[in-house]
Amino acid sequence: MATTGYGSHGPLTGVRVLELAGIGPGPFAAMLLADLGADVVRVDRPGGPGLGIDPAYDLTNRNKRSVIVDLKAPDGPGTVLDLAARADILIEGYRPGVAERLGVGPDAALARNPKLVYGRMTGWGQEGPLAERAGHDIAYIALTGTLSLIGRPGEPPAVPANLVGDYAGGSLYLVVGVLAALQHARTPGGRGQVVDAAIVDGAAHLATMIHGMLAAGGWQDRRGSNLLDGGCPFYGTYETADGEYMAVGPLEQRFYDEFSTLLGIDGEAPDRSDVTRWDELRALVADRFRARTRAEWTEVFAGTDACVAPVLSLREAPHHPHLAARSTFVEHEGLTQPAPAPRFSATPVAVYRGPARPGADTGAVAADWGVPGLGGGGGEPPA
């Protein structure tokens with residue numbers, strides 16, 4: 001379906017996405033599609049999703065447009081289905097059965113648009129004993145075993161914000177799923193379908209390599225005891241003299257040799273292959289790092305292949321010379337934010353529009369998508 005009257009940015013230009021407003025992984029997935037050039041129209045509800053964030057700062061709504069539709073009003077479901085009839089992808093993040101009760105479930109939407117890809121984003125999935133239960137990222141990654149991997153031995157698992165579950169196991173799998181389904185829908189004889197993206201499925205899938213190592217006897221099923229989970233003294237973080245931290249990861253021998261020389265331990269460190277002496281090696285490395293500040297160690301390891309980097313804060317990261325040179329972070333309308341990723345040689349992507357204000361694009365979307373039932377004309381949310 002061709003998009004008319006709205007921009008040309010990125011490889012997904014011409015793809016229309018309808019997002020039924022929610023919080024968390026659904027909006028992030030829709031943002032990623034918008035960053036890649038899709039015309040994403042977010043259907044906000046009167047009063048908003050209830051997260052309490054000023055819409056002006058909700059960066060997951062950048063590069064989108066917004067309309068307001070009350071799905072509980074008599075004409076609400078019909079208006080959403082009119083939009084779905086003109087969309088390529090629909091994204092919703094309700095509990096199973098809610099979209100159906102509102103009159104905008106897959107059966108109704110696909111009846112209007114047989115080529116539609118209907119993306120469903122949940123934590124537990126559309127079926128199973130927990131499908132109807134509430135939940136959040138931490139519970140989803142807990143049940144998959146993923147949370148058990150993170151943290152120090154003998155201490156509670158560390159909470160990785162909501163990056164591993166909501167966004168890695170949820171949003172990214174939803175995006176892969178809807179784009180794969182869109183490819184199928186656009187092939188001769190292809191048709192639309194439902195994509196069931198569950199955070200538990202994605203978070204479990206992320207650990208595929210580790211499950212293989214576990215089966216082969218190369219991974220111990222306990223936290224902080226393995227090569228990549230902080231159990232290894234040359235793959236972890238160390239405090240510096242000023243209370244900051246350095247990240248260390250010279251796994252390969254040639255990188256480790258350079259690391260140990262620059263750290264000044266090559267003449268006294270125990271053999272790194274002797275796991276029984278890892279505690280001794282860790283203590284030695286920690287002692288050395290505590291002797292200098294983070295800035296001093298950063299200078300020592302700069303320009304080397306020792307695989308050592310300073311642990312930067314969210315506010316510090318945009319100013320790192322490498323990230324600044326790549327424009328990994330950009331500023332748009334006064335807000336510093338991660339730039340769209342990945343990058344494309346022929347169809348570059350960018351932040352070209354700030355966070356969509358609820359209902360602000362009603363008139364434009366009504367005209368572009370040919371849905372006069374949206375009404376408004378003035379483009380402002382109702383009072």
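Please treat every number below as a calculation from the coordinates, not as lab data. Values in this document were obtained by computation on a predicted structure and should not be read as measured data. Here the Cβ is made from the backbone with ideal geometry for all residues, glycine too, and neighbour counts use every protein chain on show.
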Is it the case that some residue within region 237-244 is under 25 Å from Ala139 (Cα atoms) and surrounded by 19 or more Cβ atoms within 10 Å (Cβ to Cβ)? no
Give region 237-258 a look and list any residue that's in contact with a helix residue (DSSP H, G or I) (Cβ under 9 Å, 6 or more places away or on another chain) and free of Cβ contacts under 8 Å to residues at least 24 places away in the same chain, or say none. Gly243
Hey, among Val178, Val104, which residue is closer than 21 Å to Val15 by Cβ, part of a helix (DSSP H, G or I) and not small (Gly, Ala, Ser)? Val178
Only one of Thr261, Thr187 is part of a loop (DSSP other than H, G, I, E, B), on the phi < 0 side of the Ramachandran plot and among the hydroxyl-bearing types (Ser, Thr, Tyr); which? Thr187
Just to check your reading of the model, which residue among Thr261, Thr298 is of a type in the set (Val, Ile, Thr) and touching a residue at least 12 places away in the same chain (Cβ under 8 Å)? Thr298
Looking at Ala286, is it loosely packed, with under 15 Cβ neighbours inside 10 Å and either over 30 Å from Ala34 (Cα atoms) or in contact with a strand residue (DSSP E or B) (Cβ under 8 Å, 6 or more places away or on another chain) (or both)? yes
Would you pick out the residues in region 58-81 that are outside any loop (DSSP other than H, G, I, E, B), touching a residue at least 40 places away in the same chain (Cβ under 8 Å) and touching a Lys or Arg at 6+ places or on another chain (Cβ under 8 Å)? Asn61, Lys64, Arg65, Ser66, Val67, Ile68
Complete set of residues in region 114-133 that are over 15 Å from Glu19 (Cα atoms) and either in contact with an Asp or Glu (Cβ under 9 Å, 6 or more places away or on another chain) or exposed (fewer than 15 other Cβ atoms within 10 Å of the Cβ) (or both): Pro114, Lys115, Gly123, Trp124, Gly125, Gln126, Glu127, Gly128, Pro129, Glu132, Arg133
Please verify whether region 321-341 includes one or more residues that are touching a residue at least 40 places away in the same chain (Cβ under 8 Å) and part of a helix (DSSP H, G or I). no
Scanning region 141-172 for residues that are farther than 17 Å from Gly231 by Cα, part of a helix (DSSP H, G or I) and out of contact with any Leu (no Cβ under 9 Å at 6 or more places or on another chain) gives Ala142, Leu163, Asp166, Tyr167, Gly170
Pro153 - would you say it is touching a residue at least 24 places away in the same chain (Cβ under 8 Å) and either touching a strand residue (DSSP E or B) at 6+ places or on another chain (Cβ under 6 Å) or buried (at least 23 other Cβ atoms within 10 Å of the Cβ) (or both)? no
